[in-house]
Each structure stands twice: as structure tokens, then as C-alpha cells.
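The values are calculated or read from the model by the stated rules, or taken from the named source; none is laboratory data. Source: prediction; values computed, not measured. Neighbour counts run over all protein chains shown; Cβ positions are idealised from the backbone, glycine included. These accessible areas exclude ligands, DNA and RNA; they are computed on the full protein's heavy atoms, side chains included. Shrake-Rupley method; radii C 1.70, N 1.55, O 1.52, S 1.80 Å.
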Amino acid sequence: MTERPLVFRVAAMVAAGVLVTYLWLPVEHRLDLATVAIAVVPLTFLAGILLYRPPGRAIWWTLLVGTAAWGILSLPLTLMRAELVGGVLVGDVMSIVGYVVVIAGVVSASGRVTSEAARSVALDGTIFGLGCAAVIWSFAAETQATESSIAFTTVTSPLLDLLVIIAASRIVLTSGGAPSPVLLVLGMSAMTVGDVLQLADPIRVQGGYSSAVFWYVVSAFVAGLGALHPSMARFAGRSRRPSAGLERIQLTVLAVAAVMPPLMLLREHDRPQGLSAWPLLLMTAVVFGLVMLRLGRMMRLVDQQRGQLQALARTDHLTSLPNRRTGEAEMHRMVAEAVEQDVSLVVALLDLDHFKGFNDLHGHPAGDRLLETTASAWRRSLPPDVFLSRHGGEEFLMLAKGRHPDNVRLLLEGLRGAAQTGQTFSGGVAVWDGIESVAAMVARADVALYAAKAGGRDAVRFSEVRPVVLQGVDA
């Protein structure tokens with residue numbers, strides 16, 4: 001494995017050397033070096049595939065094919081300037097084919113997320129794509145109407161680059177931020193800078209004097225290094241949830257993309273030609289519907305997460321029983337119901353015997369397992385109407401409304417063999433007298449628990465205070 005990182009280090013040094021050479025070259029030769037650099041990119045993808053044998057190699061083959069199409073565009077071939085139907089050049093078709101293949105490969109690789117996330121990605125991509133399409137349509141229509149000499153691909157390339165970057169950013173997430181996809185995103189970003197500079201001054205780019213060519217060379221080298229980094233074999237890695245900061249950036253980008261169609265529609269409002277008005281109107285309506293759908297999905301996700309947080313706040317993480325706060329709230333609720341329904345209420349505190357010694361002898365992980373298995377066994381043994389929660393440490397709270405104390409005693413006796421671990425417990429029980437506060441009732445149960453402990457443990461004691469047993473209880 002040592003020779004494989006060595007390949008990346010050597011390639012990085014060669015790329016840095018060639019880039020410095022480019023800066024020292026006479027301007028008339030820089031375009032030739034850029035052509036060679038762009039042509040080498042597909043070869044680096046092929047070398048990475050053969051060297052690392054990645055499990056998710058389909059994306060690399062699509063990147064190879066797409067960048068090969070772009071590489072052919074950089075060659076001085078007369079065929080690329082030939083016109084097809086409607087004045088469309090062969091070079092335009094090759095450029096679009098390259099983008100389609102690359103985007104398809106990147107999207108397929110970034111699809112290794114959950115189905116819910118995949119649907120959100122599809123919605124986000126559609127909204128962003130329609131926003132970019134509105135800009136492309138508006139400026140392309142203007143170019144056609146004014147008979148501008150700017151090529152169609154020159155106008156559309158920066159926007160298509162953004163689509164690739166958005167899709168490739170998902171790979172950064174699914175791969176856990178591996179260097180290889182990060183280098184690919186940086187390479188595409190450098191190409192976007194070059195395309196924007198070419199759009200600003202396409203004539204100088206043709207002569208090789210523009211800084212756009214420099215960014216094309218940087219893009220080629222950085223993307224090639226991404227293919228030669230050992231982490232390119234981890235594209236099929238485990239998905240990871242995007243950070244909150246990145247999600248905010250994503251929502252900002254979507255907001256900008258969503259307002260693009262109406263802005264372009266406003267731009268076309270006072271123009272004499274009505275070439276782009278109706279498509280932009282349709283795009284605006286579709287984007288509005290998709291944004292509403294996206295907001296609906298986000299609201300459902302927020303509701304689900306709120307429910308999960310509420311469940312976590314009510315549940316003990318170790319035993320999955322209700323926690324102490326939930327138990328205390330349940331006692332107050334049951335007291336109110338006991339008054340309203342004129343039935344009894346019994347509270348029991350159960351404490352595992354010699355639990356500290358068990359922890360010291362077997363270790364805290366074994367103690368956690370004992371708590372977990374005991375709680376699970378007790379919950380299965382008790383009837384559904386009997387409440388059980390973890391009161392703290394090795395202590396549990398049991399509440400029984402509408403049951404006679406003798407019936408509760410039988411339930412507690414049934415808990416002795418439920419866990420099947422040989423672990424004993426002591427219990428203190430108090431029957432609510434219909435007057436006292438919840439705190440006083442729990443205090444009586446706690447006194448009874450200590451009495452059971454003092455009497456030798458492995459016993460259940462009822463509070464010595466004789467309560468008033470209400471009518472309407474079961475036998």
C-alpha cells in the first residue's frame with residue numbers, strides 16, 4: 001500500500017512543477033500546455049481506476065467519458081466547428097454530452113443516501129436546475145435575437161458547472177469528507193471560474209492570453225489529483241448527515257435559484273420579442289410548486305424530529321423505560337384521575353439489592369446490562385395498565401391505579417423470577433390516602449423501602465401509615 005500514496009505525492013509534485021512552468025511560458029505557448037493538461041485528465045481517471053480498483057467505479061468511468069468529450073473540444077479540430085441543424089455546432093453537442101455524462105455519474109454516486117434524503121436531493125436539484133435553465137433560456141434567447149457572436153456553450157457552461165458542483169458536493173457528504181471528492185469539487189470550481197472569465201472575454205481566451213486558461217489548467221490538475229488519491233476507493237462509503245452550516249448554505253442556494261425564473265420573467269417583460277416569456281412563466285409556476293412541496297417535506301421532518309426529541313426527553317436511555325421526570329408527571333396525572341374516578345392509587349419503589357457490590361465485582365458495563373435486562377423483564381411481566389419507570393440509579397418506580405394493595409403485592413411477588421438472573425430486590429409500597437401530596441406519598445414508600453433493606457433485603461414492605469382505601473377497586 002505504500003506505493004499507492006507515493007503515486008499521489010509524485011503526481012502532486014509534477015502538477016505543481018507544470019503549473020509553475022505554465023506561468024513562465026511565453027503567452028503564445030500557454031494555450032498548447034492547457035490543451036495537453038485537459039487531455040491528460042481522462043488518463044488520470046483511468047490510472048486511478050486501474051490502481052485502486054474502487055467498488056463504486058461507475059462514477060469514474062462516467063467522469064472519464066465526460067472529461068474526454070471536453071478534452072476533444074480543446075483540440076484544434078475543424079469538425080468541432082461544423083454546423084448541425086439550426087446552426088448548432090458539433091462542439092456545442094460535445095460539450096453538452098460531457099456535462100450530461102458527468103452529472104449523471106455524480107448524481108448516481110451521491111445517491112447512496114437514505115431514500116428520504118434522496119427524494120430531498122431530487123427536489124433540490126430540480127429547483128436549482130430550473131433556476132439555472134431560466135437564466136440560460138433568457139440569455140440564450142437574447143443571444144439568438146441579437147445575433148451575438150458569443151457561442152451558446154460559453155453562456156451555458158458556468159451554469160452547468162454549478163450543477164456539477166452541487167451534485168458533487170453530495171459525494172463529499174456520502175464519503176465522509178474524503179480528500180478525493182473534495183479535490184473533484186475544487187477542480188470543478190476552478191473550471192467554473194475559467195468559464196466565467198471566458199464568458200467575460202471569449203476573444204482573449206481564444207488567443208490564450210486570458211487568465212481563464214490558467215484556471216482551466218488548475219482545474220485539470222486538481223481533478224486529476226482527486227482521481228489519483230487513495231481515498232477515491234471510498235466513494236461507496238457510509239452516508240453522513242450534512243452539517244447545519246452546509247444545510248444553511250444549501251437552502252440559501254435554493255432560495256436564489258427559486259427566484260431566478262420570476263426575475264428572468266421580469267427581465268423579459270418589456271422586450272419586443274416574446275421568445276422566452278411563456279417558458280419562463282411555466283418554469284416560475286413549477287418552481288413555486290416544488291418550493292411548496294419542499295417546505296411541506298421540511299415541516300414533516302421537523303415534526304418527526306420534534307416527536308423523537310420529546311420521546312428522548314421522556315425516556316431513560318439505558319432501560320428504555322420512562323425516566324424520573326416522566327414518572328413524577330405520571331404520578332400527578334394518576335392522582336387527579338384517582339380523585340375523579342374514585343379509585344385507589346398504589347406507589348412502589350423497587351431497588352436492586354447489593355447493586356454497588358455487583359458493579360464493583362463485574363464492572364459497570366455488566367451493571368448496565370443487569371439494569372437493562374431487569375427492566376425489560378419487569379415490563380413484560382407487568383400488566384399494561386401498571387406504570388413502570390426508572391427512578392434513578394438502580395431504583396424503579398411502579399404505579400398501579402384502581403388495584404387493591406393485595407393485588408399489587410401479588411404483582412410484586414411475580415417480579416422476583418421475571419429477570420431470571422438471580423438478582424433480588426427490595427420494595428417499599430405506599431397506598432395514597434386520598435389527601436396527602438405526591439411528595440408525602442413517595443416519602444412513605446421510601447421509608448418502607450429502607451425498612452425492607454434494614455430487615456435483610458429481598459423483601460417488600462408496605463407503609464405503616466394506614467391509608468383510607470377508596471371504593472371501586474378490583475380484587
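Among the residues of the range 372-388, at least one is in a strand (DSSP E or B), surrounded by 20 or more Cβ atoms within 10 Å (Cβ to Cβ), touching a residue at least 12 places away in the same chain (Cβ under 8 Å) and of a type in the set (A, V, I, L, M). On inspection, Gly422 fails the criterion of being open to solvent by 10 Å² or more (accessible area, probe 1.4 Å), among the small types (Gly, Ala, Ser) and in contact with a helix residue (DSSP H, G or I) (Cβ under 6 Å, 6 or more places away or on another chain). Of the residues making up the range 390-408, those that are open to solvent by 40 Å² or more (accessible area, probe 1.4 Å) and more than 40 Å from the chain's Cα centre (by Cα) are Lys401, His404, Asp406.
Take the range 236-262 and flag every residue that is at pLDDT 60 or above and touching a Ser or Thr at 6+ places or on another chain (Cβ under 8 Å). If the condition is that a residue be at pLDDT 60 or above and touching a Ser or Thr at 6+ places or on another chain (Cβ under 8 Å), then Pro261, Pro262 are the ones that fit. Ser463 fulfils the conditions (1) under 19 Å from Glu394 (Cβ atoms); (2) open to solvent by 10 Å² or more (accessible area, probe 1.4 Å); (3) in contact with a helix residue (DSSP H, G or I) (Cβ under 7 Å, 6 or more places away or on another chain) except for a single criterion, (1). Take the conditions open to solvent by 20 Å² or more (accessible area, probe 1.4 Å), at pLDDT 75 or above and part of a helix (DSSP H, G or I) and apply them to Val36. Does it pass? Criteria met by Val36.
Scanning the range 349-370 for residues that are within 30 Å of Ala439 (Cβ to Cβ) and surrounded by 13 or more Cβ atoms within 10 Å (Cβ to Cβ) yields Leu349, Leu350, Asp351, Leu352, Asp353, His354, Phe355, Asn359, Gly367, Asp368, Leu370. Cβ-Cβ contacts under 7 Å between residues 6 or more apart (or on different chains), taken from a first residue in the range 19-39 that is at negative phi to a second residue that is surrounded by fewer than 17 Cβ atoms within 10 Å (Cβ to Cβ), are listed as Val27/Tyr209; Leu33/Leu25; Thr35/Leu75. Scan the range 326-365 for residues that are free of Cβ contacts under 8 Å to residues at least 12 places away in the same chain and touching a Ser or Thr at 6+ places or on another chain (Cβ under 9 Å) and the total you get is 0.
Within the range 315-329, if we keep just the residues that are farther than 16 Å from Leu349 by Cα and of a type outside the set (Gly, Ala, Ser), the residue that is most open to solvent (accessible area, probe 1.4 Å) turns out to be His317. Among the residues of the range 425-448, which ones are among the polar types (S, T, N, Q) and open to solvent by 30 Å² or more (accessible area, probe 1.4 Å)? If the condition is that a residue be among the polar types (S, T, N, Q) and open to solvent by 30 Å² or more (accessible area, probe 1.4 Å), then Ser437 is the only one that fits.
For the range 5-19, enumerate the residues that are of a type in the set (A, V, I, L, M, F, W, C), open to solvent by 80 Å² or more (accessible area, probe 1.4 Å) and farther than 12 Å from Gly224 by Cβ. Once the filter is applied, which keeps residues that are of a type in the set (A, V, I, L, M, F, W, C), open to solvent by 80 Å² or more (accessible area, probe 1.4 Å) and farther than 12 Å from Gly224 by Cβ, the range 5-19 yields Leu6, Met13.
Look at (1) surrounded by 13 or more Cβ atoms within 10 Å (Cβ to Cβ); (2) under 41 Å from the mean Cα position of the chain (by Cα) and you find that Val346 fails only one, number (2). Of all residues in the range 53-63, those being farther than 13 Å from Val106 by Cβ and either open to solvent by less than 30 Å² (accessible area, probe 1.4 Å) or modelled with pLDDT of 80 or more (or both) number 2. Among the residues of the range 3-34, those that are within 12 Å of Val218 (Cα to Cα) and not small (Gly, Ala, Ser) comprise Val18, Leu19, Val20, Tyr22, Leu23, Leu33.
Would you please name the residue that is nearest to Leu388 (Cα to Cα), looking only at residues in the range 285-329 that are modelled with pLDDT of 85 or more and assigned to a helix (DSSP H, G or I)? Step by step, filter the range 285-329, then rank; the result is Gly327. Counting only residues that are charged (D, E, K, R) and within 18 Å of Pro405 (Cα to Cα), the range 320-344 holds 2 of them. Just to be sure, is His332 surrounded by fewer than 17 Cβ atoms within 10 Å (Cβ to Cβ) and at pLDDT 90 or above? Taking the combined requirement at face value, the residue satisfies it.
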